[in-house]
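To keep things clear, I will list the structure first and then write my remarks on it.
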Amino acid sequence: MKTFLKQPGRAEADFSRFDVKTVLRNIYILFSRSEIPIAQKDQEIMDIVDSSSPLPPWFTEEDLAIYANLYTKSGFSCPLQVSYRGPHGEITTTNPKLQVPVLLIMGGKDYFLKFPGIEDYIIGGKVKECMPDMEMQLLPSGTHFIQEQLPEQVNELIISFLKKHF
């Protein structure tokens, strides 16, 4: 079994140039758009944010302050471990099917859908080969942070799914 890399890397070095609140502001500005944010060869991800860009309208300065306080205490190590340093290697599962009901809620404007093959895999239904009992709810105006952008709709979908299956 592979283990997570524990050494700080490029993202930590990039983030450490700024205070926590600025890093979070930049993350919400960058990843709430439908385009994939790509840094050039001589840039880091934090370098491509226009500091005059406003926060998304559904994410307030109060939200930012609360998140900044929490991340000041916990740091970014755990979120970076899970997403970017997880076990990326060979899959040892012989039958990678999830045999339970699954609910996927995505925003139609989530930048993640722009990665090559992802939209075909998810929207095109190929993902159902691994999760045959998956229900997908695509909220057209939603972005990557759909649970924060459209919390009432997301909560309704989750409650409805749970009532239906459990």
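The values are calculated or read from the model by the stated rules, or taken from the named source; none is laboratory data. All values derive from a computational prediction rather than experimental measurement. All Cβ positions, glycine included, derive from the backbone under ideal geometry; neighbour counts span all protein chains shown.
Here are some notes:
Yes/no per residue for (1) in the same structural domain as Pro116 (by TED's automatic domain parsing); (2) among the acidic types (Asp, Glu); (3) in contact with a Leu (Cβ under 7 Å, 6 or more places away or on another chain):
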{"site": "Ser16", "(1), (2), (3)": "no, no, no"}
{"site": "Phe31", "(1), (2), (3)": "no, no, no"}
{"site": "Pro37", "(1), (2), (3)": "no, no, yes"}
{"site": "Asp42", "(1), (2), (3)": "no, yes, no"}
{"site": "Pro57", "(1), (2), (3)": "no, no, no"}
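- Search result, residues across region 84-122 that are under 26 Å from Ile159 (Cα atoms), in a loop (DSSP other than H, G, I, E, B) and modelled with pLDDT of 90 or more: Val100, Pro101, Gly108, Lys109, Asp110
- Qualifying residue in region 127-137 (condition: at pLDDT 90 or above, outside the structural domain of Arg25 (by TED's automatic domain parsing) and either under 20 Å from Pro37 (Cα atoms) or of a type in the set (Val, Ile, Thr) (or both)): yes
- Every residue from region 19-33 that is outside any helix (DSSP H, G or I) and surrounded by 14 or more Cβ atoms within 10 Å (Cβ to Cβ): Ser32, Arg33
- Complete set of residues in region 149-165 that are surrounded by 11 or more Cβ atoms within 10 Å (Cβ to Cβ) and in a helix (DSSP H, G or I): Gln149, Pro151, Gln153, Val154, Asn155, Glu156, Leu157, Ile158, Ser160, Phe161, Leu162, His165
- Across region 106-148, the number of residues qualifying as under 18 Å from Trp58 (Cα atoms) and surrounded by 13 or more Cβ atoms within 10 Å (Cβ to Cβ) comes to 14.
- If you go through region 57-73 and pick out every residue that is out of contact with any helix residue (DSSP H, G or I) (no Cβ under 7 Å at 6 or more places or on another chain) and under 15 Å from Phe145 (Cβ atoms), you end up with 4.
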